[in-house]
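Quick note: the coordinates plus some simple rules give every number you see, no bench work behind them. Quick caveat, the model's predicted, so the values are computed rather than measured. Glycine also receives a Cβ, built like all others from the backbone with ideal geometry; neighbour counts cover every protein chain displayed.
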């Protein structure tokens, strides 16, 4: 095999151009404020079904940020994301859970349990990093596949942690005196809106997602981000100019696994009940699809991709009648909504990689650039 | 002792099947530089075609097998021509992720077709009959797998060594630029590799789905995935390594299954993750596999 630079499909623009695009992308402040206000207003407008979906999407977005850091910025392929999600989800559930007939637990305060679960995911990532740091991107992809299967095996054989095949319910999250659960006996109202679990969790998740997002952007813009991209684009050159290649690869893997762990904690809290099967190879592939669909290496892309993948199956389910050939329920002939969702995201991955490697983010950039040039140019040149 | 011998033979037979899969995986990687995650999909397509054609009345099994091998080869060719070739020059990771997309689409469709029954029987001539050799009791399917695997592997290496195509393939793998200057078309050679990989995967698919497995199941894809650790253990760019890796995976899996009661501290069903455990252990010592070329950089 010839030596080809280990470049990825992300826009391979010069660093200067990348920085310029970054400044351009920062864009008008009012878009940020507008989006923020809309996000804050959502619990007052949307019903529980959509709020719950939003929670899933935010949990997925946090974990996807980790994968897009590893794959898009550091150029390391991982199919093991589901494993770290599982560590986060089960870490939280076990640490915060009561020890009972169906499973063990430490009954720690949920906040502490959540933090420890993220650290646990980081520790798992660190344990694997001797392998992760030495392998090239593609070898790592397959090696991490092993991680998912080993993780599944452990979960299958640890009923004290998982509560067996039927899953285990997740302890309600509390922060200080605030309890993020539903209380059917004493319904609370805020501005005439029933203020239940989803509404409260919405703000918690929003906060966590925004912090995760900002941390990612800072990391990518700073020295570590530049080092990671150097390792991605030309490992040898990066080493020569003094980037400790192996350490940065391990670092990317560590941060990525912690993001996944945090995503797992959120996922568990949003779902209220977790089963081991969820965290299989299929989940890893879904995350891969998210970051590819959204646009690799870009924070906004990870969020967009996560939203797309989270909302696709329920929307298809709700509007099954509108699409020809879609069967309303599973089991009948025709294509059931979950199957259709899989077809769509598989096809989206293939099509985007073939035609728009930048993903949704790339599409957006192209559109906004086209709009900008049109605005700059007078409609009727003299 | 009998148990050990029996496990070794069935492990070698399973290993021969994994080796066929890993071999296809490796030749695709060597000739086009793509890690083909759609490899299990080719296996599923091949096995599904064999089962469906075989269940039609008055079709001899051999014809069904040929149909499955042919269909898998054609699908592999289409994937290479329509999806992989247009991405030439792009990063290998991008192309590999694209093949994951192909795999998702194909697997979803096959699993949907398998339907709620849960499996499609293969209608092979061996059924669940066994052969007794000395004290050993071996299913006919295992012996057939071992023989067919050995013959195909041998044939492949003879082909690779002596045929024009084989020489071209080795030339491309060795030095694509020089090979191109000598008039070897890389795209044609890699198309050939994809077709071969698809056909080998179909044969492997047959032997993964016959007795003791009830037939083609959704879980067959997970079994097929174990060819990845096999290829990695041997080294992604080593054809010989793929054979060794396949056999190692097959034998260790078989032993772990046979001695499950002694290994109960590792948890129930450990044999199914054994390939991955072996892979991780090998990677810790040798990051490019047992026989993989160490990557050298020229500055």
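Numbers below:
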{"item": "Highest to lowest packing among A:286-292, B:218-224, A:177-183, B:189-195, scored as the average C-beta count within 10 Å", "result": "A:286-292, B:189-195, B:218-224, A:177-183"}
{"item": "Exercise: per-residue mean of other protein chain Cβ atoms within 10 Å, A:129-136", "result": "3"}
{"item": "Sites residue A:39 and residue B:56, calculated FRET efficiency, Cβ-Cβ separation with R0 51 Å, nearest 0.05", "result": "0.35"}
{"item": "The stretch B:11-118, relative contact order in percent, only Cα pairs under 8 angstrom and at least six apart counted", "result": "33"}
{"item": "Inter-label distance for residue A:247 and residue B:213, nm, one decimal - labels placed 7 Å from Cα along Cα-to-Cβ", "result": "4.7"}
{"item": "Whole-Å distance, taken between Cα centres, linking the stretch A:253-274 and the stretch B:197-231", "result": "33"}
{"item": "Sites residue B:177 and residue B:82, calculated FRET efficiency, Cβ-Cβ separation with R0 25 Å, nearest 0.05", "result": "0.45"}
{"item": "The stretch A:155-214: C-alpha gyration tensor shape, a/c 1.5 cut-off, then a/b vs b/c", "result": "oblate"}
{"item": "FRET efficiency estimate (nearest 0.05) - Cβ-Cβ, residue B:128 to residue B:264, R0 30 angstrom", "result": "0.60"}
{"item": "Estimated distance in nm for a label pair at residue A:111 and residue A:366, the labels positioned 7 Å out from Cα along Cα-to-Cβ", "result": "4.7"}
{"item": "Contact order normalised by residue count of the stretch B:223-264, Cα under 8 Å, 6+ apart, percent", "result": "28"}
{"item": "Rule-of-thumb Rg ratio for the stretch A:15-278 [Cα; 2.2 N^0.38 Å; N residues]", "result": "1.09"}
{"item": "Compactness of the stretch B:145-249, expressed as Rg and Dmax over alpha-carbon positions, Å", "result": "15.6, 51"}
{"item": "Burial ordering of B:133, B:233, B:153, fewest other beta-carbon atoms within 10 Å first", "result": "B:133, B:153, B:233"}
{"item": "DSSP bridge pairs, the protein assembly as shown: antiparallel proportion in percent, nearest 5", "result": "90"}
{"item": "Alpha carbon convex hull of the protein assembly as shown, projected area averaged over orientations, nm²", "result": "36.3"}
{"item": "Packing-based exposure ordering (other Cβ within 10 Å, fewest first) of B:200, A:37, B:65", "result": "A:37, B:65, B:200"}
{"item": "Cα gyration tensor category, rounded, prolate or oblate, for the stretch B:1-142 with a/c compared to 1.5", "result": "oblate"}
{"item": "Length-normalised contact order for chain B - Cα pairs under 8 Å, 6+ apart - percent", "result": "34"}
{"item": "Which of A:235, B:253 has the fewest Cβ neighbours within 10 Å, and the rest in rising order", "result": "A:235, B:253"}
